[in-house]
Amino acid sequence: MTEAVSRYLLGDSPAEVRHLVEQAQVYAPEAEELLDRIDLAAAASVIDVGCGVLGILHLLADRVGPAGHVVRLDREPRMVETARQLARQQNLSVELIEADATATGLTDDSFDLVHARTLLLNVVNPEEILTELLRIAKPGGVIAIQEPDANAWGCDPPHPAFDILRAEILSAYRRTGKDFSIGRRIARMLRDAGPEDLQVRATAKVTAPGDYYQTFLLTLATLVRTVILDAGRVTADEFDSYTETLRDHLEDRRTRTCQPLMWKAWGRKPTSARL
Ligand SMILES: C[S@@+](CC[C@H](N)C(=O)[O-])C[C@H]1O[C@@H](n2cnc3c(N)ncnc32)[C@H](O)[C@@H]1O
């Protein structure tokens, strides 16, 4: 796999780090609801893979308590330091690992819960990663995945700049071998990888002006601006004009957005030797 293709599309800029901190807060209630359904025991051993700077670490630490073991794994070196600072600020006892999710270096059968959120849409080899996540889960342990699906993503009243930028973002993912809408496939992918007792849910947020995610499309378009311009369908001037007019539209008090669906699928690693 070439570095250009395997590279994380959103980079590790201060803007992306800021976005990941917001994502951790905004999506915390949904993650809590998922953890309620998984029924995690105190003192459990858990890992958040492709965790970015915070992911759901704070929620996991709360659930497993001081006797539990919480691990954060991510490949981007510059995010590790922010993750360390956030863990310190929030008084979280977390083990930080810098590694690729395809080859974590962790021992087999280590975790009661292996969780990943918005990791698989950013990789070209999601099946390989699922195999690794399954390997490090304990037999009977849970693998839980949360990934988006762009289908629901829109705004009302509609705006042409929203549709153009949305199409360009999805194309930027596709052209680098990634699938922004991988969420709709994750239950099937998990089933093929081996977990049993599979459960699936999908939810979407509706936002209004003032909500952080109201301008999510603009945040994402700006992070992948170079990849969009490289495709040659939109000039730099057009890009700037679209983002400017769309910002005004999204700030209008009547405008609502529906964010991408977030699919959640989870299942247990079989206890038999079938794997
Ligand atoms: C969109 S962020 C999600 C962060 C976090 N899970 C959350 O929900 O807030 C995706 C993260 O996956 C990481 N990542 C991408 N490819 C990876 C890989 N092959 N191995 C490990 N981490 C990876 C990126 O560095 C980034 O931090």
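Throughout, read-outs are computed from the coordinates displayed, never taken from laboratory work. Note that the structure is predicted; figures quoted are calculated from it, not measured. A quick note on method: Cβ atoms are made from the backbone with ideal geometry, for glycine too, and the neighbour counts reach across all protein chains shown.
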Tilt relative to the chain, helix 77-89 - C-alpha long axis, 0 to 90 degrees, to 10: 70
Sum of side-chain charges, residue 220 neighbourhood, beta-carbon under 12 Å (Lys, Arg +1; Asp, Glu -1): 0
Angle between the chain longest axis and helix 126-136 axis [Cα atoms, degrees, rounded to 10]: 30
Centroid-to-centroid separation of region 203-275 and region 75-105 [C-alpha atoms, Å]: 25
Set of lysines near residue 205 by C-alpha distance (under 21 Å), chain-local residues within fewer than 8 positions excluded: 264
Cα-based helix-to-principal-axis angle, 160-175 vs the chain, degrees rounded to 10: 40
Charged-residue dipole, Cβ positions (Lys, Arg, Asp, Glu), the chain about Cα centre, Debye nearest 20: 460
Ordering of 14-27, 55-68 by burial proxy (mean other Cβ atoms within 10 Å per residue, highest first): 55-68, 14-27
Å³ per residue enclosed by the Cα convex hull of region 38-179: 138
Projected-area mean, region 3-268, by convex hull of Cα positions, square nanometres: 13.4
Net +/- balance of residues flanking residue 156 in space, Cβ distance below 15 Å, scoring K and R +1, D and E -1: +1
Cα-derived Rg to Rh of region 84-142, Kirkwood definition: 1.01
